[in-house]
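The values are calculated or read from the model by the stated rules, or taken from the named source; none is laboratory data. Everything numeric here is computed off the predicted structure, so don't read it as measured data. Ideal geometry is used to build each Cβ from the backbone, glycine not excepted, and the neighbour counts take in all protein chains shown. All accessible areas refer to the heavy atoms of the entire protein, side chains included, with ligands and DNA or RNA removed. Shrake-Rupley method; radii C 1.70, N 1.55, O 1.52, S 1.80 Å.
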Amino acid sequence: MPQRREGQVLVFDADDTLWENNVLFERVIDDFLDWLAHPTLDREEIRAVLDDIERANAVAHGYGSKVFLRSLGECLEKLRARPATERERREIDELASALVGHTVELMPGVAATLDDLATRHELLLLTKGDREEQQRKLDACGLLHHFRAAHIVREKNADTYRWLAREHDFAPADAWMIGNSPRSDILPARAAGMNAVFIPNANTWVLEHDELDPGDRGVLRLAAFPDLRRHF
């Protein structure tokens, strides 16, 4: 448990920590699986194919709705063993239309918790993904006034967190990364020497899952975002 003291550096993830995000993609995937109606593969088998395609595309092309649409199209082509038709591409676009221009839905208690924490600590925001798409969400969230700075990066790995510490001149051991993703928020922050707060989200993208060491005393596990006020 962190010592409750003022003036700490708290770095926040955005998607699925401050607001809902992946649940929108999961709804589109459900609709895609219904629409695809493969004659021999069940939903879990199709999802496994899609996960593999998304994993490869994340490395090659990054994140966001445009890459997601690309993955859906490639999944269709792989399973049907032919190029997608123009009509099929339009139908995939229609399935994913909910991802475009949706309103930002804050997690319960986020605004009030940040109001409180900002009176005692230095807050930073670190999110990964398509720059234009992430900036739109940042502009719409109504939270940016709480943060000293907000950074959009292509990937969140240990080098990213080391860069952040140099950029803002803080000692990693005195800072906390707060997020829902073991793979992008918790493990690389710990590898960079930071502490971390893991706040699980039931809708976290499967490719962001990873195992955390239950004995790691540098990781604080909380059930909900407002719980931060009891520790910081």
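Summary of values
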{"item": "For W163, solvent-accessible area (1.4 Å; no DNA, RNA or ligand), Å²", "result": "80"}
{"item": "The range 76-85 - phi-based ³J(HN,Hα) in whole Hz, Karplus 6.51/-1.76/1.60, Gly and Pro as x", "result": "4, 5, 5, 6, 9, 6, 6, x, 5, 7"}
{"item": "Relative contact order (%) - criterion: Cα under 8 Å, at least six apart; region: the range 53-131", "result": "37"}
{"item": "Per residue solvent-accessible surface (Å²) - the chain, probe of 1.4 Å", "result": "49"}
{"item": "Nonlocal amide H pairs with M177, under 5 Å, H built at 1.01 Å", "result": "V11, N195, A196, V197"}
{"item": "Residues with amide H under 5 Å from that of Q8, placed H, sequence gap 5 or more", "result": "E122"}
{"item": "5 angstrom amide H check on N21, placed H, neighbours 5+ away", "result": "D16"}
{"item": "Alpha-carbon spread of the range 55-145, three principal axes, descending order, Å", "result": "58, 25, 20"}
{"item": "Between the range 60-100 and the range 1-45, the Cα center-to-center distance that results, in Å", "result": "19"}
{"item": "Binned Cα-Cα distances of the range 1-64, short to long, each 10 Å bin given as a whole percent", "result": "16, 32, 26, 14, 9, 3"}
{"item": "Å³ per residue enclosed by the Cα convex hull of the range 149-195", "result": "71"}
{"item": "Given charges at beta-carbon only (K, R positive; D, E negative), |dipole| of the chain in Debye", "result": "580"}
{"item": "Relative contact order of the range 86-155, defined on C-alpha pairs under 8 angstrom at six or more residues apart (%)", "result": "35"}
{"item": "Relative contact order computed over the chain (Cα-Cα under 8 Å; 6+ residues apart), in percent", "result": "29"}
{"item": "Mean shadow area of the range 116-232, taken as a quarter of the surface of its Cα convex hull (nm²)", "result": "7.5"}
{"item": "Nearest-10 value in Å² for the accessible area of K66, using the 1.4 Å probe", "result": "140"}
{"item": "With at most 14 other Cβ atoms within 10 Å, longest stretch of the chain clear of loop GluC sites (Glu not before Pro) (DSSP)", "result": "7-104"}
{"item": "Equivalent ellipsoid semi-axes - Cα gyration tensor, the range 48-94, angstrom", "result": "18, 13, 7"}
{"item": "Within the accessible area of the chain (1.4 Å probe), percent carbon and sulfur", "result": "49"}
{"item": "Candidate lysines - alpha carbon under 25 Å from K156, same-chain residues fewer than 8 apart omitted", "result": "K66, K128, K137"}
{"item": "Where the Cα pairs of the chain fall when distances are cut into 5 Å bins, in %", "result": "1, 6, 14, 18, 18, 15, 10, 8, 5, 3, 1, 0"}
{"item": "In Å², nearest 10: area of S184 left accessible to a 1.4 Å probe", "result": "0"}
